[in-house]
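Every read-out reported here was derived from the displayed coordinates using simple, explicitly stated rules and does not represent laboratory data. Please read these numbers as outputs of a predicted model, since none were measured by experiment. Cβ placement follows ideal geometry from the backbone for every residue including glycine, while neighbour counts extend to all protein chains displayed.
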2 protein chains.
Amino acid sequence: MQHSYRQIAEQLNQLIRTHQYQIGERLPSVRTFANQHHVSVSTVLRCYRYLESLGMIEARAKSGMYVADWTVRHSSILGEKSAQKIPSEMRVIEFDKLRSLQHRMTELYSLTDQPLELRLHLASAAPEWYPTKEMSKIAQTILRQCPEMLGEYPTGTGLAALKEQLVHWLATFSLDVQTSELLITNGSTEALSVALRAVAQAGDAIVVESPVYFGLLQVIENLGMKAIAVPCIEDQGMSMEALEYVLEHQTGLKAIVVMPNFQNPLGCTMPDKNKKHLLRLAEQYDLAVIEDDVFADLSPHYERPRPMKAWDKHGRVIYCGSCSKSMAPGFKVGWVAGGRHHAKIASLKLSHSLVTPLFEQAVLAEFMQTGALHAHLRKLRERLAANIPAATVALQTYFPLGTRLVSSAGGWWVWIALPQQIDALVLLRRAVAMGLSFTPGSLFSNSEKFSHYLRLNIAQPWGSDMESGMKLLGELVRELA
Amino acid sequence: MQHSYRQIAEQLNQLIRTHQYQIGERLPSVRTFANQHHVSVSTVLRCYRYLESLGMIEARAKSGMYVADWTVRHSSILGEKSAQKIPSEMRVIEFDKLRSLQHRMTELYSLTDQPLELRLHLASAAPEWYPTKEMSKIAQTILRQCPEMLGEYPTGTGLAALKEQLVHWLATFSLDVQTSELLITNGSTEALSVALRAVAQAGDAIVVESPVYFGLLQVIENLGMKAIAVPCIEDQGMSMEALEYVLEHQTGLKAIVVMPNFQNPLGCTMPDKNKKHLLRLAEQYDLAVIEDDVFADLSPHYERPRPMKAWDKHGRVIYCGSCSKSMAPGFKVGWVAGGRHHAKIASLKLSHSLVTPLFEQAVLAEFMQTGALHAHLRKLRERLAANIPAATVALQTYFPLGTRLVSSAGGWWVWIALPQQIDALVLLRRAVAMGLSFTPGSLFSNSEKFSHYLRLNIAQPWGSDMESGMKLLGELVRELA
């Protein structure tokens, strides 16, 4: 069989990562190994060479192959001084748990701990594409001038200076919000979570898009609520016809959670008339609307699309935003404009995690005040968009017929439909063994509807590693096709 | 009436803070005001002088008294450059809401936005008592060396380097925890919240101490659970006899939440035999134990008391800690060792707020690695203890007979029983009008049992302001007695 060296490599990799082969242990000689596995010597050689390239094993002169100290990561938070090890608790990925509503996000995150060459399973962009040096300078200045802030116990609903900057920023795309209805949270996920708790309780039903960001499904599951999936039209988001049907027939509904701009994973933007339509329906059925707008600043449109809340006259829309995609992924600072639900949301946020630390907020406020955000976002959007042609060509070149690029999501990720018979979870298992990760489609739904889809992050400089990654993935798809 | 100038000042203060007198508006002349309120000119003069000392009003030469720009705060996070204003949304305290289970913490926190001279309502120590300069230096070094970390999207369950430091630290007081069962959270309040959600759901009953930290009562209320209050013995914490009775008679119990060391507000430590006893009972009734250990590092005992989890052989205790009291109040970094509930807790934390930012974790890890924590804590404990004699004397001097100092909580705060007929909430209303805040006892219980108690923070350098604050409060108590 053509690719059996990869299958052997996958098995051996698993044995090493589960410590059945210890670090520093000698591996069988090529000949012994070949006999044990009934394969050719050249297959074993290719297998060993491949694992060597992954840093899992290493050759020692005149002595053979040994298991390398594959747990050492070279990029360390604290620099050379205390090189960070992959924690000894690193778990082997339980691929089947990726389907579980309670564990899909947990399992996906643990992919990040694996020794992979290409990590394309998260919706994150290259760190060097963010203004980290400017932010770091601002942060150092603040620390030098006000070290005592580290000793102050924060209270309130967020740093006033950041809220003021946000109010100005939101106004640039027609969102008229007062500082008094803004609450700073630990990222937009906390914003979503408290918003859901403010308008619904265990047992209630929540309308979501399909496909939809898997994190939302896990939040809803963990709150004991029920997600009602309304299909999306690929280039315009939630189908209004399907939504009307659901509203008419589904009982126990309390809210609609929606990403009208730059939907994850479709990357599409809802036409303004649909935004208004959805709002009218929410009014008619007396439902809360929770709007997740975290990607909209990166939307490839010339003009930043308006959030649904821009048309909200009755405080019905709970608007959630974040700096994690647009400004500083490491900060995890989010915000929520809760409309009529503000007081309840503020109480829930406080009782869940008190006040979000002020340091990051101070850095963001100062960065926004310099006026650098517009220019940074323009550059980031250009960089993202520049990858689209390369990714499109790579897909056409390496993937089998029957593969369809549904969306290139402004160059942030690609959302791909594989030939129908392929289970992207099976593909992921093989890809991870070969050092590459992505997000399988089944995570984006409670059904099996998207099991032959995948989301692949492309938001990093396109080089030979991306090219060979796409090639490898294409080959794995062909094997399964 | 002797103190009527204060009552008039209180009313006028209220009118200014609710913008019924605008900033810059001229106040009535002393004579006009005296006639309007049927008081003497000297009373009005004293009232104006008092409000002037609070910065609420100001005299202008030959023109009279005007409402000052009382919203400007002089201490700003961002330094002189963008002097922070008190947000325009500053709410007038709704004192009655302080009794509400859903709002007590929210309302108490909004006291911090008031123009007060002495804020003694939180359990926080003076910022200058923390090693903020050392931390700030470490933080600047990290930012200089690794600015790119601000651009990296964090994953995982916390920074490995911090977890390793914590494991070493916990071991110094007999707590044997692996990094694999540690999860870093947004403060210990998030730890408590996810711990509760991991072991119970809406409708379930949770055993808590009485009196107890009000934040816990709000968390439980907001999760739709029911707090069952078990009385404490003042110098040893939860009564074992009462607990046994409750366990025998109460249905729907899922967990016991307890602060065995340095209980808030009692400041007491549970004897080791009671810790073991409680554990045995939890075993017998198959309940989870959630241990809040945030103050124990500040305990005045020569040897740091052991947490209950030190005796836990079956992973039944969920242990929650934090840097907010001991190391860096501004960081809001907490941790939880979840025992057998770890996986569920990790899933809930992730789905609530993803991953806690790594920057603060890196700073803490580096600070702990320098070995400076022991010395810092010893100094902090000494500083705290040094205030106890002054506070005790002040209470004896200024407060009426029938006042009892229940606990001086290692110098962190005092827990005081006032004469029985005094409602501390009424006292608070008057005290706030005079520029001083504290925590009224009714917040520490769902019943009215502690309505004549109060908790008063004393964890700051004892100077003339503390002395005159205690004097003022003593006078207000006498008025009500």
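Enumerate the calculated ³J(HN,Hα) couplings along the stretch B:21-33 in order (Karplus 6.51 cos²θ - 1.76 cosθ + 1.60, θ = phi - 60°), each rounded to whole Hz, writing x wherever the residue is Gly or Pro.
Per residue, the Karplus-derived 3J(HN,Hα) values read 9, 6, 4, x, 6, 7, 8, x, 5, 4, 5, 4, 4 Hz.
Amide H of A:Asp312 versus every other amide H placed in the peptide plane: which residues, excluding those fewer than 5 positions away on the same chain, fall under 5 Å?
none
Measuring label to label, 7 Å along Cα→Cβ, what does A:Gly55 give against each other copy in nm, shortest first?
Ordered by increasing distance: 5.3 nm.
Given H placed on each backbone N at 1.01 Å, which residues far from B:Trp413 in sequence or on other chains put an amide H within less than 5 Å of it?
Placed amide hydrogens put B:Ile458 under 5 Å from B:Trp413.
Any chance you could give the angle, 0 to 90 degrees and rounded to 10, that helix A:464-480 forms with the longest Cα principal axis of chain A?
80
What do you get for trypsin sites (Lys or Arg not before Pro) in the stretch A:271-360 restricted to DSSP loop and a cutoff of at most 15 other Cβ within 10 Å of the site's Cβ?
Here the sparse-neighbourhood loop sites are A:Lys313.
Within 10 Å of each Cβ of B:219-230, how many other protein chain Cβ atoms are there on average?
Partner Cβ neighbours, averaged per residue: 2.
Exposed loop GluC sites (Glu not before Pro) only (DSSP loop, at most 11 other Cβ atoms within 10 Å): please give the longest stretch of chain A free of them, not including the sites.
Within chain A, the longest run free of exposed GluC sites (Glu not before Pro) spans A:1-302.
Let me know the Kirkwood hydrodynamic radius for the protein assembly as shown, please, with Cα pairs as the basis and the value in Å to one decimal.
This gives a value of 30.1 Å.
Placing unit charges on C-beta atoms (Lys and Arg positive, Asp and Glu negative, everything else neutral), compute the dipole magnitude of chain A about its Cα centre in debye, rounded to 20.
Computed charge dipole of chain A: roughly 760 debye.
Among B:Tyr5, B:His19, B:Met56, whose Cα projects farthest towards the positive end of the dipole of the stretch B:4-67, with charges put on the beta-carbon of Lys, Arg (+1) and Asp, Glu (-1)?
The listed residue farthest towards the positive side: B:Tyr5.
Run the quick spin-label model on A:Ser447 and A:Leu405: label points 7 Å from Cα toward the beta carbon, then report their separation in nm to one decimal.
The modelled label-to-label distance comes out at 2.8 nm.
Using the 7 Å Cα-to-Cβ label point, sort the distances from A:Thr172 to its equivalents in the other copies shortest first and give them in nm to one decimal.
With the label placed 7 Å along Cα→Cβ, A:Thr172 yields 4.7 nm.
Given Cα pairs under 8 Å that are at least 6 residues apart, what percent is the relative contact order of chain A?
Averaging sequence separation for qualifying contacts and normalising by length gives 17 percent for chain A.
Within a 10 angstrom radius of each residue's Cβ in A:187-198, how many Cβ atoms of other chains show up on average? Whole number is fine.
The shielding value for this peptide is 3.
Listing A:Ser322, B:Ser445 from the residue with the fewest other Cβ atoms within 10 Å to the one with the most, what is the order?
B:Ser445, A:Ser322
Taking other Cβ within 10 Å of each residue's Cβ, how do B:Asp312, B:Asp292 sort, fewest first?
Listed from fewest to most nearby Cβ atoms, that is B:Asp312, B:Asp292.
Would you order A:His452, A:His38 from fewest to most other beta-carbon atoms within 10 Å of each residue's own beta-carbon?
With the sparsest Cβ surroundings first, the list reads A:His38, A:His452.
Place +1 on the Cβ of every Lys and Arg and -1 on the Cβ of every Asp and Glu in the protein assembly as shown, take the dipole about the Cα centre, and give the residue among A:Pro260, B:Ile422, A:Gly334 whose Cα lies farthest towards its positive end.
Looking along the dipole axis, the top candidate is A:Gly334.
Hey, got the dipole for the stretch B:148-371? About the Cα centre, +1 on K and R Cβ, -1 on D and E Cβ, debye to the nearest 20?
In debye, rounded to 20, the stretch B:148-371 gives about 340.
What list of ³J(HN,Hα) couplings, whole Hz, do you get for the stretch A:200-206 from phi and the Karplus terms 6.51, -1.76, 1.60, once you set θ to phi - 60° and write x for glycine and proline?
8, 9, 3, x, 6, 9, 10
What list of ³J(HN,Hα) values in whole Hz, one per residue of the stretch A:52-61 in order, does the Karplus curve 6.51 cos²θ - 1.76 cosθ + 1.60 (θ = phi - 60°) give from phi, with Gly and Pro shown as x?
Using θ = phi - 60°, the values come out as 5, 5, 7, x, 7, 10, 9, 8, 10, 3 Hz.
Sorted from shortest, what are the nm distances separating the label point of B:Gln420 from equivalent points in the other copies, each placed 7 Å from Cα along Cα to C-beta?
List, nearest first: 8.1 nm.
Can you list the residues, at least 5 places off or on another chain, whose amide H is less than 5 Å from the amide H of A:Ser322, using H built in the peptide plane?
Distant-sequence amide H within range of A:Ser322: A:Trp335.
Averaging over all projection directions, find the projected area of the Cα convex hull of chain B and quote it in nm² with one decimal place.
Average of the hull's projected areas for chain B equals 24.3 nm².
To the nearest 10 degrees, how steep is helix A:160-171 against the longest Cα principal axis of chain A, on a 0 to 90 scale?
Relative to chain A, helix A:160-171 is tipped by roughly 90 degrees.
Along each principal axis of its Cα atoms, how long is the stretch B:4-67 end to end? Whole angstroms, biggest number first, please.
Computed over the Cα atoms, the extents are 26, 26, 20 Å.
Using Cα atoms only, what is the angle between the long axis of helix B:358-369 and the major principal axis of chain B, expressed in degrees (0 to 90) to the nearest 10?
80
With a/c under 1.5 counting as rounded, go ahead and sort the stretch A:282-373 into rounded, prolate or oblate using the C-alpha gyration tensor (a ≥ b ≥ c being the square roots of the eigenvalues; past the cut-off, prolate if a/b is larger than b/c, else oblate).
Oblate, since a/c reaches 1.5 and b/c is not below a/b.
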